[in-house]
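To start, the structure under review is shown below, and the notes come after it.
The values are calculated or read from the model by the stated rules, or taken from the named source; none is laboratory data. Being a predicted model, the structure only gives us computed values, none of them experimental. Cβ sites come from the backbone with ideal geometry, for glycine too, and all protein chains shown count toward neighbours. To get the accessible areas, we keep the full protein, side chains included, count just its heavy atoms, and leave off ligands, DNA and RNA. Shrake-Rupley method; radii C 1.70, N 1.55, O 1.52, S 1.80 Å.
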Amino acid sequence: MKTEITGRIAALRDLMRGAGINAVIIPQTDPHQSEYLADHWQVRRWLSGFTGSAGALVVTLDNALLWADSRYWLQAAAQLEGTGIGVMEEGKPEVPEITEWLCQNLKKGDTVGVDGMLFSVTATEQMQSALGACGINLRVDFDSIDRIWTDRPALPLEAIFIHDVKYAGEDAASKIAKILADASSQGAEAAFISDLAEIAWTLNIRSRDVESNPVATGYLYLSPAGSTLFTAPEKLTPEVTAELSKAGVAVRPYNEVKAALAELPADRTVLISPAQTSTAVIAILGDRARRGTSPVAMLKGCKNDVQVEGVRHAMERDGVALVKSFMEIGKAMAEGREITELDVAEILTRHRSAQPLYFDQSFDTIAGFGPHGAIVHYSATPETSVTLHPDNLLLVDSGANYLDGTTDITRTITLGKTTDEQRKDFTLVMKGHIALATAIFPAGTRGAQLDALARINLWKEGLSYLHGTGHGVGHFLNVHEGPQSIRLNENPTPLKPGMITSDEPGLYRAGKHGIRCENLVLTVPAMTTEFGDFYRFEVLTLFPFDLRLFDTSIMTDEEIEWVNNYHTTVRERLSPALNGEELAWLEEKTATLTR
């Protein structure tokens with residue numbers, strides 16, 4: 001494989017020389033600015049061999065580097081070894097950004113090439129500004145990968161199906177009306193949507209085009225005179241076509257989108273989100289493009305009552321599956337049977353898939369034993385999967401998509417022996433988890449203003465973690481969803497009622513263990529006073545934390561009470577669906593925590 005990678009990079013450089021390109025940037029995205037990609041768009045993975053879900057590859061005529069954030073530093077180093085591609089540990093103060101590095105390593109008059117379909121308007125303009133200041137040119141038409149990737153997978157053709165309104169809570173026609181009203185308020189007659197999750201939400205459609213993300217490949221043009229979904233027609237059943245027609249949506253082939261945009265009247269104003277729309281698209285629209293904020297993001301992010309109730313039920317079924325899974329893992333360990341990280345993932349999927357309304361996992365399960373738990377987005381393979389032993393911690397981050405909701409949970413458990421360091425680390429992480437879960441905050445509060453609650457106890461010990469504390473979660477959609485987040489980086493979007501967000505602080509000691517404790521929380525009203533409206537979080541996830549890992553000597557009475565109250569809720573909500581043995585297991589795992 002290493003030899004294949006070096007050959008692919010060499011072939012890319014031949015293309016660069018022929019086009020007069022001195023450097024190329026290959027992002028991990030698609031024309032829809034997606035985080036998770038169909039195989040057709042896995043260009044960076046094919047060129048480098050690195051399988052992480054984020055990170056850009058930069059290739060010059062004599063160098064190749066991959067920028068990876070802290071989640072992937074260890075993984076990138078292992079996967080890129082022997083390929084000639086170096087790792088730039090993005091986020092470290094001494095590591096320059098890509099454009100800064102290019103300015104340092106190219107000369108005035110050199111040219112950087114990118115595929116304009118793979119970079120948003122915002123990203124392209126930032127690159128043009130930074131490179132232009134150094135006298136470096138940017139070309140957005142370097143899209144010749146097909147010439148060297150001769151067996152490139154085709155675009156996905158998975159069937160589209162309707163997400164029933166009994167789960168979605170609102171029909172497509174109603175959503176389209178709201179979107180167009182918002183577009184009008186921003187001075188546009190029409191709206192163009194590239195984001196696959198936004199399209200799926202708007203039209204109440206789902207598919208299997210992207211692994212673990214139930215979206216369909218397409219573009220959506222909305223206007224009062226008629227709307228169009230650009231996708232492969234063979235993906236549609238008569239039922240889907242009829243439902244789209246009821247909402248005033250016609251269908252045209254995916255590859256006709258550029259021509260259709262070019263045919264729009266010169267005076268038609270079309271709302272686009274610069275951060276979600278590719279440079280190539282805005283170039284076609286020209287003066288017709290009206291830049292603004294996505295009307296869909298906040299509508300999709302704030303779940304309606306039907307969706308929220310569906311998620312609560314999905315959490316109960318997910319909790320039952322987790323009880324069965326962790327019981328099976330525990331029995332195997334107790335009986336001395338061999339069980340690997342890959343086995344853990346299989347067990348979780350098997351029990352979840354037996355639950356009603358199950359569709360698919362919401363992301364690849366992360367099951368990291370011991371040192372592997374310190375690799376934030378570790379994913380076991382047949383080559384890396386290790387056997388579990390009763391001498392370290394197991395970190396399991398997993399989730400599922402059900403027709404009525406999406407789940408995402410992380411638990412760290414001990415498999416036997418524990419050390420004082422492990423218990424202290426776990427408890428410090430849980431103190432942050434509890435602080436965020438119990439927060440009460442005024443309307444208008446942003447995630448960055450809450451993030452320190454989850455970190456302060458770690459900071460006091462000189463410890464930290466480099467990933468965000470919380471991400472938005474979709475409803476039977478992508479497990480990572482905006483517009484809100486809880487992280488140190490500023491995000492202008494306030495937390496609003498109906499938003500579902502993760503609460504997942506962590507701590508990772510390279511070569512030893514990783515700890516992460518994650519629940520999903522729902523923003524709900526808390527109180528109204530003379531100082532305005534205040535919000536709090538309702539915890540949605542239902543599964544116990546490992547009582548054996550708490551160090552109560554560094555916990556407050558209120559923190560211990562929170563754990564006990566949460567475990568009581570878990571026991572009450574899950575017990576009706578469990579048999580005697582399962583119920584006994586749950587009662588043991590939710591026993592009262594005392595000093």
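So here's what we get for this one:
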{"quantity": "Count of the range 27-47 residues which are under 13 Å from the mean Cα position of the chain (by Cα), of a type outside the set (S, T, N, Q) and open to solvent by 20 Å² or more (accessible area, probe 1.4 Å)", "calculated": "2"}
{"quantity": "Residues of the range 128-155 satisfying the condition of being closer than 30 Å to THR99 by Cβ, among the aliphatic types (A, V, I, L, M) and surrounded by fewer than 14 Cβ atoms within 10 Å (Cβ to Cβ)", "calculated": "ALA133"}
{"quantity": "Matching residues in the range 366-379 - criterion: being open to solvent by 20 Å² or more (accessible area, probe 1.4 Å) and part of a loop (DSSP other than H, G, I, E, B)", "calculated": "ILE375, HIS377, SER379"}
{"quantity": "Enumeration of residues in the range 152-193 that are assigned to a loop (DSSP other than H, G, I, E, B) and farther than 30 Å from PHE359 by Cα", "calculated": "GLN186, GLY187, ALA188, GLU189"}
{"quantity": "From THR60, THR83, THR111, residue being open to solvent by less than 30 Å² (accessible area, probe 1.4 Å), closer than 30 Å to ILE375 by Cα and touching a residue at least 60 places away in the same chain (Cβ under 8 Å)", "calculated": "THR83"}
{"quantity": "Unique match (being in contact with a helix residue (DSSP H, G or I) (Cβ under 9 Å, 6 or more places away or on another chain) and under 30 Å from PRO505 (Cβ atoms)) among GLU89, GLU35", "calculated": "GLU89"}
{"quantity": "Odd one out for SER464, checked against (1) part of a loop (DSSP other than H, G, I, E, B); (2) over 30 Å from THR414 (Cα atoms)", "calculated": "(2)"}
{"quantity": "Members of the range 86-95 found to be without any contact (Cβ under 8 Å) to a residue 60 or more places away in the chain, assigned to a loop (DSSP other than H, G, I, E, B) and either of a type in the set (S, T, N, Q) or open to solvent by 50 Å² or more (accessible area, probe 1.4 Å) (or both), listed by number", "calculated": "GLU90, LYS92, PRO93, GLU94"}
{"quantity": "Residue match in the range 112-127 (condition: of a type in the set (Phe, Trp, Tyr) and over 30 Å from LEU285 (Cβ atoms))", "calculated": "no"}
{"quantity": "Some residue of the range 467-484 being farther than 30 Å from LYS324 by Cβ, open to solvent by 20 Å² or more (accessible area, probe 1.4 Å) and not in a strand (DSSP E or B)", "calculated": "no"}
{"quantity": "Pick from the range 177-197, criterion among the charged types (D, E, K, R) and in contact with a helix residue (DSSP H, G or I) (Cβ under 7 Å, 6 or more places away or on another chain), ranking: surrounded by the most Cβ atoms within 10 Å (Cβ to Cβ)", "calculated": "ASP182"}
{"quantity": "Filtered residue count, the range 506-563, keeping only those that are surrounded by 13 or more Cβ atoms within 10 Å (Cβ to Cβ), more than 29 Å from the chain's Cα centre (by Cα) and among the polar types (S, T, N, Q)", "calculated": "1"}
{"quantity": "Residue list for the range 35-48, restricted to those being in a loop (DSSP other than H, G, I, E, B) and touching an Asp or Glu at 6+ places or on another chain (Cβ under 8 Å)", "calculated": "TYR36, LEU37, ALA38"}
{"quantity": "Options GLY286, GLY330, GLY336, GLY292: the member that is open to solvent by 60 Å² or more (accessible area, probe 1.4 Å) and more than 23 Å from PHE476 (Cα to Cα)", "calculated": "GLY336"}
{"quantity": "Sole exception among (1) in contact with a helix residue (DSSP H, G or I) (Cβ under 9 Å, 6 or more places away or on another chain); (2) surrounded by fewer than 21 Cβ atoms within 10 Å (Cβ to Cβ); (3) among the hydrophobic types (A, V, I, L, M, F, W, C) for ALA10, by number", "calculated": "(1)"}
{"quantity": "Selection within the range 156-176 - free of Cβ contacts under 8 Å to residues at least 60 places away in the same chain and loosely packed, with under 14 Cβ neighbours inside 10 Å", "calculated": "SER174"}
{"quantity": "Residue count, the range 226-263 (criterion: touching a residue at least 60 places away in the same chain (Cβ under 8 Å) and within 15 Å of GLU189 (Cα to Cα))", "calculated": "1"}
{"quantity": "Condition met for ASN392 (modelled with pLDDT of 95 or more, farther than 22 Å from THR541 by Cβ and crowded, with 18+ Cβ neighbours inside 10 Å)", "calculated": "yes"}
{"quantity": "Meets criteria (surrounded by fewer than 19 Cβ atoms within 10 Å (Cβ to Cβ) and of a type in the set (Lys, Arg)) for ARG206", "calculated": "no"}
{"quantity": "Sole residue being hydrophobic (A, V, I, L, M, F, W, C) and open to solvent by 50 Å² or more (accessible area, probe 1.4 Å), chosen from ALA123, ALA77, ALA54, ALA68", "calculated": "ALA77"}
{"quantity": "Top-ranked residue of the range 209-238 - restricted to ones that are closer than 21 Å to ASN255 by Cβ and acidic (Asp, Glu), ranked as surrounded by the fewest Cβ atoms within 10 Å (Cβ to Cβ)", "calculated": "GLU234"}
{"quantity": "ALA283 without any contact (Cβ under 8 Å) to a residue 60 or more places away in the chain, farther than 16 Å from LEU395 by Cα, out of contact with any helix residue (DSSP H, G or I) (no Cβ under 7 Å at 6 or more places or on another chain) and among the hydrophobic types (A, V, I, L, M, F, W, C)", "calculated": "no"}
{"quantity": "Per-region count, the range 549-595, residues out of contact with any Lys or Arg (no Cβ under 9 Å at 6 or more places or on another chain), of a type in the set (A, V, I, L, M), in a helix (DSSP H, G or I) and touching a residue at least 12 places away in the same chain (Cβ under 8 Å)", "calculated": "2"}
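Each row is one residue, and each column tells you yes or no for (1) of a type in the set (Ser, Thr, Tyr); (2) closer than 30 Å to ALA247 by Cα.
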{"residue": "THR83", "(1), (2)": "yes, no"}
{"residue": "GLY91", "(1), (2)": "no, no"}
{"residue": "TRP149", "(1), (2)": "no, no"}
{"residue": "ARG152", "(1), (2)": "no, no"}
{"residue": "VAL165", "(1), (2)": "no, yes"}
